[in-house]
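> Structure in structure tokens, see below.
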Amino acid sequence: MKLHINGQPVDVPDTIRTVVELLAHFDLSDKMLVVEHNAAILHKEDHAGAELAEGHKIEIVHFVGGG
């Protein structure tokens, strides 16, 4: 399945059906981040119910600590 992730076309396995599965695929499950799905910001508790389909647009912003 082709998604647009952070503005880039990305092929992901068809077995990935939700945002939570997508984050796990990219080893981002335990990161502090914000996900936008088709222009809607998702709360973390909504990741499991946010279903993906061909062509969906995903923006992932993660926070990096520093000093």
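> Can you pull out the residues in the stretch 1-45 that are of a type outside the set (Val, Ile, Thr), in contact with a helix residue (DSSP H, G or I) (Cβ under 8 Å, 6 or more places away or on another chain) and without any contact (Cβ under 8 Å) to a residue 12 or more places away in the chain?
If the condition is that a residue be of a type outside the set (Val, Ile, Thr), in contact with a helix residue (DSSP H, G or I) (Cβ under 8 Å, 6 or more places away or on another chain) and without any contact (Cβ under 8 Å) to a residue 12 or more places away in the chain, then SER29 is the only one that fits.
> Taking the stretch 36-50 on its own, how many of its residues are of a type outside the set (Lys, Arg) and either surrounded by 11 or more Cβ atoms within 10 Å (Cβ to Cβ) or touching a Leu at 6+ places or on another chain (Cβ under 8 Å) (or both)?
9
> Which members of the stretch 12-35 meet the condition of being charged (D, E, K, R) and surrounded by 13 or more Cβ atoms within 10 Å (Cβ to Cβ)?
ARG17, GLU21 - these are the residues of the stretch 12-35 that are charged (D, E, K, R) and surrounded by 13 or more Cβ atoms within 10 Å (Cβ to Cβ).
Yes/no matrix, rows are residues, columns are (1) at pLDDT below 95; (2) under 10 Å from the mean Cα position of the chain (by Cα):
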residue: LEU3; (1), (2): no, yes
residue: VAL12; (1), (2): no, no
residue: VAL19; (1), (2): no, yes
residue: PHE63; (1), (2): yes, no
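> Out of GLU54, GLU59, report the one residue that is in a loop (DSSP other than H, G, I, E, B) and either modelled with pLDDT of 95 or more or surrounded by 13 or more Cβ atoms within 10 Å (Cβ to Cβ) (or both).
Of the residues listed, the single one that is in a loop (DSSP other than H, G, I, E, B) and either modelled with pLDDT of 95 or more or surrounded by 13 or more Cβ atoms within 10 Å (Cβ to Cβ) (or both) is GLU54.
The values are calculated or read from the model by the stated rules, or taken from the named source; none is laboratory data. Keep in mind that this is a model prediction, so the values were computed, not measured. Every residue, glycine as well, gets a Cβ built from its backbone with ideal geometry; the counts of neighbours run over all protein chains shown.
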